[in-house]
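Some notes on the structure that comes next.
Taken together, the values in this text are just the output of simple stated rules run on the coordinates, not laboratory data. Bear in mind the structure is a predicted one, so any value in this text is a computation, not a measurement. For neighbour counting, all protein chains shown are included, and Cβ atoms are generated from backbone atoms with ideal geometry for every residue, glycine included.
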Amino acid sequence: MKTLKDYAGDINKCSKCGLCQSVCPVYKETGNDCAVSRGKFVMLDGVLKGDLKLNKTINKYLDLCLKCGKCKDFCPSDIDVCKIFETAKYEYMKKSFHGKILWLLESKYVFSSIVKVLGRVQKLLNSGWRKHKNAVCSKASPAATVPKLVYFKGCVNNVYPEVENALKKVLSHYEVELIEKDFECCGLPFLSSGNLERFEEVKKYNLELLEGDFDYILTDCASCEDTLRDYGLHKVINIADFIAQNPKKFIFKKPVKITFHKPCHLKDIRFLQRILNMCENVEYIEMEGFDNCCGFAGEFAVKNNEISRAIGKKKAQNIVQTEAAYVLSLCPSCVLGLHQGFIANGNFKHPKIKNLIEFLALADEIN
Ligand code: SF4
Ligand code: SF4
């Protein structure tokens with residue numbers, strides 16, 4: 001595992017050009033230079049030179065980041081910004097008391113128990129109707145030569161199974177073999193909390209489960225997809241790309257207007273136009289700033305709630321302007337962020353928020 005010192009050269013590559021300010025959602029909201037990568041690099045350079053201590057204040061600024069990666073994509077010096085922040089966070093958290101407590105909550109048995117309990121509470125609250133009653137198995141016979149898809153079911157599907165049910169319903173119209181395994185979390189929350197040891201643990205576990213013969217690792221979440229690519233995997237595909245490459249007709253009897261929020265971790269949205277071409281009676285209205293962050297990003301929404309709500313509020317205003325009946329996304333964290341944005345904007349009656357695959361599963365006919 002690399003240390004912060006190993007990144008000294010990369011930190012020094014920052015020319016202080018300030019271009020990252022023009023894309024950073026937190027900087028745009030706060031105008032605080034410590035929110036953006038340039039300011040963070042000034043502080044971390046001070047730490048490496050011994051002028052500053054890696055303390056609570058610096059950790060606070062490390063947390064002032066959505067891990068959206070927009071600055072990384074835009075940086076002319078090609079600095080792997082997120083890896084540096086994660087390493088600095090790891091070095092702070094491993095020596096801090098609250099780091100020990102948080103990492104205990106993220107340990108294998110505690111974390112998976114929390115997810116299981118949340119899933120059970122959710123089922124009880126919904127009187128069991130959320131059980132997998134819509135889940136339909138693939139119609140492919142085991143003997144047929146059909147694409148083998150290993151379904152990487154994200155943790156959130158254990159709590160809200162609607163997306164998994166919708167994915168299975170749509171895939172029941174395809175000749176595929178869907179393989180399910182007992183994966184752990186992809187590890188993204190552990191990267192955010194600087195728990196790099198736990199990240200390596202889940203990565204090793206998940207990679208062992210991925211040994212064997214298959215065509216694709218299928219996800220329904222842009223963040224899981226991005227993290228699996230970060231493992232070094234190449235055969236990862238999200239459900240929207242899969243459908244775009246394997247066209248069907250999605251016929252809606254009544255006309256419906258939709259808009260789409262692009263999650264920050266979703267790198268390629270060429271699927272959108274292709275899928276829209278497959279839909280009958282669906283009108284797409286692009287919202288202003290469709291690729292602006294929703295402001296949620298898990299623990300960011302807890303630690304920096306005011307800023308998170310302010311970013312989400314602007315998103316909600318842009319969605320409302322489209323007058324769409326549905327706002328679609330491809331990430332459960334964004335779904336929460338969009339809800340938060342509507343509440344912050346006072347839109348208690350708002351467009352329905354769904355994963356793209358949930359919307360496609362609502363089609364009256366799929367063929
Ligand atoms: S865009 Fe890159 S080089 Fe420019 S200030 Fe930001 S981090 Fe530094
Ligand atoms: S990752 Fe996103 S929120 Fe964090 S500094 Fe870069 S642009 Fe700003």
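Taking 189, 25, 247 as the candidate residues, the one with maximal mean-square fluctuation in a Gaussian network model of the chain, Cα springs under 10 Å, is 247. Fully extending the segment from residue 52 to residue 362, taken as 0.36 nm per residue of separation minus the present Cα-Cα distance, adds 106.1 nm.
Remark: region 277-331 projects, on average over all directions, an area of 4.4 nm² (convex hull of Cα atoms). Close amide-amide hydrogen proximity is noted between residue 179 and 149, 150, 151, each under 5 Å apart and 5 or more residues distant or on a separate chain (H modeled in the peptide plane; Pro and chain starts excluded). If only the Cβ of Lys and Arg carry +1 and only the Cβ of Asp and Glu carry -1, the dipole of region 219-283 around its Cα centre is close to 320 debye. Between residue 279 and 250, the built amide H atoms are under 5 Å apart, and every one of these is 5 or more places off in sequence or on another chain. With point charges of +1 on the Cβ of Lys and Arg and -1 on the Cβ of Asp and Glu, referenced to the Cα centre of region 4-95, which listed residue (43, 74, 59) lies farthest in the positive direction of the dipole? Result: 59, furthest along the dipole toward the positive end. Treating the angle as unsigned and between 0 and 90°, give the value, to the nearest 10°, between the Cα long axis of helix 81-93 and the longest Cα principal axis of the chain. Its long axis makes an angle of about 70 degrees. Phi angles across region 209-222 convert, under the Karplus curve 6.51 cos²θ - 1.76 cosθ + 1.60 with θ = phi - 60°, into 3J(HN,Hα) values of 5, 8, 6, x, 9, 7, 9, 9, 9, 9, 10, 10, 9, 4 Hz, Gly and Pro given as x. The distance separating the Cα centre of region 1-61 from that of region 220-269 comes to 32 Å.
A helix-only calculation puts the chain at -13500 deg cm²/dmol for mean residue ellipticity at 222 nm, using -39500 (n - 2.57) for each DSSP H run of at least four residues, averaged over all residues. The share of Cα pairs per 5 Å bin across region 4-95, counted from zero up to the longest distance, runs 2, 16, 28, 28, 18, 7, 1 percent.
Taken about its Cα centre, region 269-367 carries a charge dipole of about 420 debye when Lys and Arg each add +1 at the Cβ and Asp and Glu each add -1 at the Cβ. Spin-label pair residue 175-residue 112: with each label point 7 Å from Cα along the Cα-Cβ axis, the two points sit 3.7 nm from one another.
Here's how it looks for residue 355: its modeled amide H is under 5 Å from those of 329, which are all 5 or more places away or on a different chain. Residue-wise HN-Hα couplings along region 161-167, as the Karplus relation 6.51 cos²θ - 1.76 cosθ + 1.60 with θ = phi - 60° gives them from phi, are x, 4, 5, 4, 4, 5, 4 Hz; Gly and Pro carry x. Assign one of three labels to region 247-366, namely rounded, prolate or oblate, based on the Cα gyration tensor with a ≥ b ≥ c the square roots of its eigenvalues; rounded applies when a/c is under 1.5, prolate when it is not and a/b is larger than b/c, and oblate otherwise. It comes out prolate by the Cα gyration axes.
Over the chain, what is the percentage of antiparallel beta bridges among all DSSP beta bridges, to the nearest 5? Counting DSSP beta bridges with both partners in the chain, the antiparallel share is about 10 percent.
In the chain, a dipole from Cβ-located charges (positive for Lys and Arg, negative for Asp and Glu) runs towards its positive end, and of 251, 281, 355 it is 355 whose Cα lies farthest in that direction. Rounded to the nearest whole Hz, the Karplus-based 3J(HN,Hα) values (6.51 cos²θ - 1.76 cosθ + 1.60, θ = phi - 60°) of region 312-317 follow the sequence x, 4, 5, 4, 4, 4, with x at glycine and proline. The per residue volume of the convex hull around the alpha-carbon atoms of the chain is 144 Å³.
Kindly list the residues of region 176-210 that lie in the label zone of residue 6, defined by a backbone N under 14 Å from the point 7 Å along the Cα-to-C-beta vector. So the set is 196-197, 200.
Around the Cα centre of the chain, unit charges on the Cβ atoms of Lys, Arg, Asp and Glu (plus for the first two, minus for the last two) sum to a dipole of about 940 debye.
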